[in-house]
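A quick write-up on the structure given underneath.
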Amino acid sequence: MQPDLFRIRRVVKETSDTFTLELMPVEAYYVHSFDPGQFNMLYVFGVGEIPISISGDPAHPERLIHTVRAVGAVTNAMNTLEVGDVVGVRGPYGTPWPVKAAKGHDVVFIAGGIGLAPLRSALYQILARREEYGKIVLLYGTRSPEDILYRRDLERLRSRFDLEVHVTVDYAGTRWQGNVGVVTKLIPKAPFDPTQALAMVCGPEVMMRFTAAELEKRGVSSDKIYLSLERNMKCAVGFCGHCQFGSKFICQDGPVFAYDQVRQWINRWEV
Amino acid sequence: MITVEEMISTHKFFQGMNPEHLHFIAGCASNVSVNSGDYIFHEGEPAEQFFMIRHGMVAIETHDLRKGPIRIQTIMEDNVLGWSWLFPPYKWQNDAHAMTLVRMTAFDGKCLREKCDADHNLGYELMKRFAGVLLEHLRATRLQAMNLYD
Amino acid sequence: MDKQPFVIDSTCFQQLIDVLRGRGYRVIGPTVRDDAITYDEIGSVSDLPIGWTDKQDGGTYQLERRSDDAYFGYVVAAQSWKRLLHPPTARIWQAQRTEQGFAVVPDEGDQPPYAFLGVRACELCAIAIQDRVFMGGAFVDPIYARNREGVFIVAMNCTQAGGTCFCVSTGTGPNASTGFDLALTEVVDADSHYFLAEVGTERGASVLDDMSHRDATEDEIARAHGLVATVAKHMGRTVDLSNTKQQLYESYESPHWEEIAQRCLMCGNCTMVCPTCFCATVEDTTDLTGDHAERRRLWDSCFTMDFSYIHGGSVRYTPKARYRQWLTHKMATWIDEFGMRGCVGCGRCITWCPVGIDITAELKAIQESHPVQHLQEEQP
C-alpha cells in the first residue's frame, strides 16, 4: 500500500483556514479515476497521511482536486506546500454518492461548511447529464459570509436556469444581503417533491443528524437520504480499525451511507 | 390587490381559527410597506405590533459594540415577524432591518392583547401559533450557537 | 484425509522439531521466560515448558510445577501467535527524497516460513479469524499474508481447562477440528507418555512419515479423546452467547458501562493479549537530515484517547464509551463485519487485566441490566 506520487499544479486559498490543491500525476500515463464521494489518503513526506475527499470533476481525473482545512499537523504542513511540490496519493477509497440511483429523482444537495467539497464532485457529474434528473436544489450553510466555499462556483450555479441554489450563514454583518440562519431552516420551503427526492448531505455530524430529521419530516424516505460520515482513519483499507462506526468501517462501507443504514448509530453518543 | 381579510383567511398561519376571530384580527390589521435599508423596529422600543411579511426579507440584528450590527436571522416572505408583543415587558428584543423593499400586514398587538384577555379562546389560539414560531426560532438558534463549522 | 490416528512416543518428539527445521521452518513453540510461558523460537524438546502448568484467574497468572513431566501441560501462553503473524511493529515502506520529489521503497520480507508447535483449539480459531480480517476482505494485508504463508501448524489439544477459559461458550474448543497440519493430544500416565497424532493435511502426513510413529490402538485413541472431552466440563467460565449481538445492540445506553468504567484503567492490556484484536496505527517519521522517511505500523488499542480523534476532539472521550466499543466490537459488531464472533474464549483478557475485569461477568451484567438509565421512584 504505498502512495503514488503527484505534483502540485495549483494552490488556491479558499477561506481563512481552507485551501485547495490541484494535483497531477508525476507519471504522465497514470489516470487516477474516481467516483464522486470517494477520498484519497494524501501523504506529506515525513509528516503523515490523512484522508481528504476528492472535490473535482470525475470526468477530468487528470486534475485531482482536494480542498483541505488546516486543523492539524499534516494539514498545516500541507498548507505550506507550493506549486511543484510532490505529495503521495493512495486511493481512491470508499463508497460513492448514489449518482446513478438518483436518476429520475429530484436531487437535493445539502452542504454544511467544508461538506460542500465532496458534494461538488457529485454535482459536476449530475449536471453533466442534467436531463436525466428532476429538480436540482443545492442548500449550503456555513458560519459566516467569509467562510463561503467555492463562492465563484456558487455564483455561477445560481445564474443557471435549471437548478436552485440557496446559501445561508449562521451570522453576518450588514453587507450580507442573503439568508442568515441554520441551513436546516431552508429545507421546509426548498423547491423539490419529497416523494420523488433523493438527498445527499455532507457537513458536521450534528448538522447531518438534524438535516436528515428535517428531510424525513418533510416526507423524504430514509433510504433516499445519503450522508457522508467521517472518523479517524489510518489505513483506509479496513485493517487498522480506527474508522469503525458501529458495525461499519467508514473507509470500506462508507463514507457515503444511506440514513437507514446508520440511523441506529448516528443518534447515539460516542459511537 | 388582496384585502387584509382575504389574506388572513387564506394564510396557513391562521388556518383553523374560527371566522369570528379572523374577522376581529382583520379589523386590527392594515397593510404597510418599508423601504429597503430602513429599520422596522429597534431593540428596547415598545412592542405593540406583529407583522406578516408579504414581500421581501427582514434581518433580525443585534448591535455589538465592536462589530456593529450582527445579523443572526433572516425572515422570509410568508413568515411572521415579532413575538415580543405577546409577552411582558412588551419591548422589542432585537432590531428588525428591511433588507429589501418590504410589504407587510401589520397587526395592532395592543388591541389584540386586550381582546385576548377578554376572550381566552382567542388568546389560546394565538398563543399556540406564536409558541410554534418561537419553537422554530429556538431550534435554529440552538444549532447556530453550537459553532458547528469549527 | 485418512482418519487413522497415530502415536508419537514422547522420546521421539525431538524428531518432529528436527524434521520441521530440516525442511526450513522456523519452529515456534512454548517456552518459559520471565515466569511465564511465551511462544518463541525453539530448537529442542528441552526448550519446552516440561512439567510446568499455569494457574490463571482474574488478574492472576502463576506458573506452578506439575506432578508429571508433560511437555504441554499449561493452558495458553501469555500472548498469542498474533505476535508472529501480525507483529507489534513493522515497517511498511521507506522513502527517500529525490530530484523528482521522493521515491518510495516497499519492505519485502525474506524470512523462512514458521512452524507453530502447540496451537490450542481456541488459537486455531483466532488465526482463522485474523485470516478473515487480513486476507478475506476487499484488500489483503501484505505483512500478514507474508508471515502467514506456508505456516505449518501443529495443534495441541487441551487436556486441562484453564481458570479463565470459556471456549465451550464461544464454540471454539477444546477440540481442534480444522486448520492444522497435525493435531496432537498429549497423554501422560505413570507408565506411558505419548502423543496421539491426527493428520490434517498432506504435508502433515509427510512430516509424520519422516519420523518414528505407529498406528494408535483403540485404547490410546479413547484415552486421548476422553481427556479432551473432560476438559469441556471444567471450563473456568461460562456465558450464554446465543443472543449477545442483539442484546449488546440494545444496550448502548445501559448504566452498566459506567459501572465498568469505574474499574477499568484503560490500560489496553486486554487488546494486547487478545489473539484477535487487530487494531494498528501508522507512524510517519524522518531521520535528522529530513531526507529519509519511514512509515511503520504499530499495534494500537481502542482504549486510548487518541484512537478516535478527529479534528476538534475524540469521538469516544469517556472511558465507558471506550470499554463499550471494545466489548461490543468483540461480541457484536464483529459478527456483522466479518460473519463470525471476535472472541475465542481464551480468557487472556481476564487473566491479564490488572483489576481482573471478567468479560463473561460483564456480559451477564449487561444482559441483566436495564437497557436504559432508569428513573428511580422516590421513596416516601
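Read-outs throughout are calculated quantities, based only on the coordinates presented, and are distinct from any laboratory measurement. In this text the structure is predicted, and so the values were computed from the model without any measurement. For neighbour counting, all protein chains shown are included, and Cβ atoms are generated from backbone atoms with ideal geometry for every residue, glycine included.
In terms of surrounding Cβ atoms within a 10 Å radius of their Cβ, B:LYS128, C:LYS245 rank from fewest to most as B:LYS128, C:LYS245. The trypsin sites (Lys or Arg not before Pro) of the stretch A:89-189 that DSSP puts in a loop, and whose beta carbon has at most 13 other beta carbons within 10 Å, are A:LYS100, A:ARG129, A:ARG160, A:ARG175, A:LYS189.
Using a simple spin-label model with pseudo-atoms 7 Å out from Cα toward Cβ, A:VAL83 and C:ARG91 lie 3.7 nm apart. Between the residues A:TYR226, A:THR20, B:GLY82, the greatest Cα displacement towards the positive end of the dipole of the protein assembly as shown, with unit charges on the Cβ of Lys, Arg, Asp and Glu, is found for B:GLY82. With a cut-off of 15 Å on the backbone N, the residues of the stretch A:50-78 near the modelled label site 7 Å out from C:THR286 along Cα-Cβ are A:73-78. Among the chymotrypsin sites (Phe, Trp or Tyr not before Pro) in the stretch A:1-67, those located in a DSSP loop and surrounded by at most 15 other Cβ atoms within 10 Å of their own Cβ are A:TYR29, A:TYR30.
The equivalent ellipsoid that matches the C-alpha gyration tensor of chain C spans semi-axes of 37, 31, 17 angstrom, in descending order.
Any idea what log10 I(q)/I(0) is at q = 0.11, 0.12, 0.14 Å⁻¹ for chain B, Debye with uniform C-alpha scatterers and no solvent? The computed values of log10 I(q)/I(0) come out as -0.44, -0.52, -0.71.
Dipole size of the stretch C:41-82 about its Cα centre, with +1 on Lys/Arg Cβ and -1 on Asp/Glu Cβ: approximately 100 debye, rounded to the nearest 20.
With a Förster radius of 60 Å, plug the Cβ-Cβ distance of C:THR230 and B:ASP64 into 1/(1 + (r/R0)^6) and report the FRET value to the nearest 0.05. Spell out each step's value before the answer.
Values: r = 80 Å, r/R0 = 1.33.
Plugging the Cβ-Cβ distance into 1/(1 + (r/R0)^6) gives 0.15.
Shown here is the pair-distance distribution of the stretch A:4-93: with all Cα-Cα distances grouped in 5 Å bins from zero up to the longest one, the shares run 3, 15, 28, 29, 18, 6, 1, 0 percent. The residues neighbouring C:MET235, those whose beta-carbon lies less than 14 Å from its own, together hold a net charge of 0 under the Lys/Arg +1, Asp/Glu -1 convention. Rg/Rh for chain A (Cα atoms only, Rh after Kirkwood) is 0.95. Loop-located GluC sites (Glu not before Pro) across the stretch A:1-95 with a Cβ neighbour count of 13 or fewer within 10 Å are A:GLU27, A:GLU82, with loop assigned by DSSP.
Farthest toward the positive end of the dipole of the stretch C:244-368, out of C:CYS346, C:VAL282, C:ASN269, is the Cα of C:CYS346, where the dipole comes from beta carbon charges about the Cα centre.
The stretch C:249-294 and the stretch A:35-114 have Cα centres separated by 27 Å.
Taken as Cα centroids, the stretch C:85-112 and the stretch C:181-223 sit 43 Å apart, rounded to the nearest whole angstrom.
Straight-line reach from A:LYS13: taking Cα to Cα under 15 Å and skipping same-chain neighbours fewer than 8 places apart, the aspartates and glutamates in range are A:GLU22, A:GLU82, A:GLU146, A:ASP147, A:ASP153.
Projecting the Cα atoms of A:CYS202, A:LEU149, A:LEU215 onto the charge dipole of the stretch A:106-228, computed from C-beta unit charges around the Cα centre, puts A:LEU149 farthest toward the positive end.
The local environment of B:LYS91, defined by Cβ-Cβ distances under 12 Å, has a net charge of -3 under the rule Lys, Arg +1 and Asp, Glu -1. Run the numbers on chain C and let me know its relative contact order in percent, using alpha-carbon pairs under 8 Å that are six or more apart. With pairs under 8 Å counted, the relative contact order is 22 percent.
Counting only residues at least eight positions apart within a chain, or on another chain, the lysines with an alpha carbon under 22 Å from that of A:LYS185 are A:LYS135, A:LYS217, A:LYS224, B:LYS12, B:LYS128. When the Cα centres of the stretch B:87-150 and the stretch B:5-72 are compared, how far apart do they sit, in Å? First find each Cα centre; the distance between them is then 9 Å.
Given a Förster distance of 25 angstrom, what is the FRET efficiency for A:ALA73 paired with C:THR318, based on the Cβ-Cβ distance and rounded to 0.05? The value I calculate is 0.50.
Largest GNM mean-square fluctuation among A:ALA190, A:ALA122, A:ALA73, using chain A with Cα springs under 10 Å: A:ALA73.
Using a 10 Å cut-off around each Cβ of peptide A:173-179, what is the average number of partner chain Cβ atoms that fall inside?
What the average comes to for A:173-179 is 6.
Assuming 1.567 mPa s and 4 °C, estimate D for the stretch A:106-228 with Stokes-Einstein, Rh taken as the Kirkwood radius over Cα pairs, in µm²/s. Approximately 90 µm²/s, per Stokes-Einstein.
Approximating the spin labels as points 7 Å out from Cα along Cα→Cβ, the B:ARG113-to-B:ALA145 distance works out to 2.5 nm.
Within straight-line reach of C:LYS233, meaning a Cα separation under 29 Å, sit the following lysines at least 8 residues removed in sequence or on another chain: C:LYS3, C:LYS55, C:LYS82, C:LYS245, C:LYS330, C:LYS364. Computed over the protein assembly as shown, the Cα gyration tensor eigenvalues convert (square root of 5λ each) into semi-axes of 66, 32, 21 Å, ordered from largest to smallest. Taking each DSSP H run with n ≥ 4 as -39500 (n - 2.57) and averaging over every residue of chain A yields -5000 deg cm²/dmol at 222 nm. Between C:ARG263 and B:HIS42, what FRET efficiency comes out of the Förster formula 1/(1 + (r/R0)^6) with R0 = 51 Å and r the beta carbon distance, rounded to 0.05? So the FRET efficiency works out to roughly 0.30. Considering only A:GLY134, A:GLY219, A:GLY37, the Gaussian network model of chain A with Cα springs below 10 Å gives its largest mean-square fluctuation to A:GLY219.
Partner shielding of A:218-229 amounts to 0, given as the average count of beta-carbon atoms from other chains within 10 Å of each residue beta-carbon. In chain C, helical runs assigned H by DSSP with n ≥ 4 each contribute -39500 (n - 2.57); averaged across all residues and rounded to the nearest 500, the mean residue ellipticity at 222 nm is -7500 deg cm²/dmol. Highest mobility in the GNM of chain C, judged by mean-square fluctuation with C-alpha springs under 10 Å and restricted to C:SER254, C:SER192, C:SER80, is found for C:SER192.
Averaged over its residues, how many other protein chain Cβ atoms are within 10 Å of peptide C:310-316's Cβ atoms?
Whole-number average of other-chain Cβ neighbours for C:310-316 is 5.
Let me spell out the model: positive unit charges on the Cβ of Lys and Arg, negative unit charges on the Cβ of Asp and Glu, origin at the Cα centre of the protein assembly as shown. What dipole size does that give, in debye rounded to 20? Magnitude of the dipole: close to 1900 debye.
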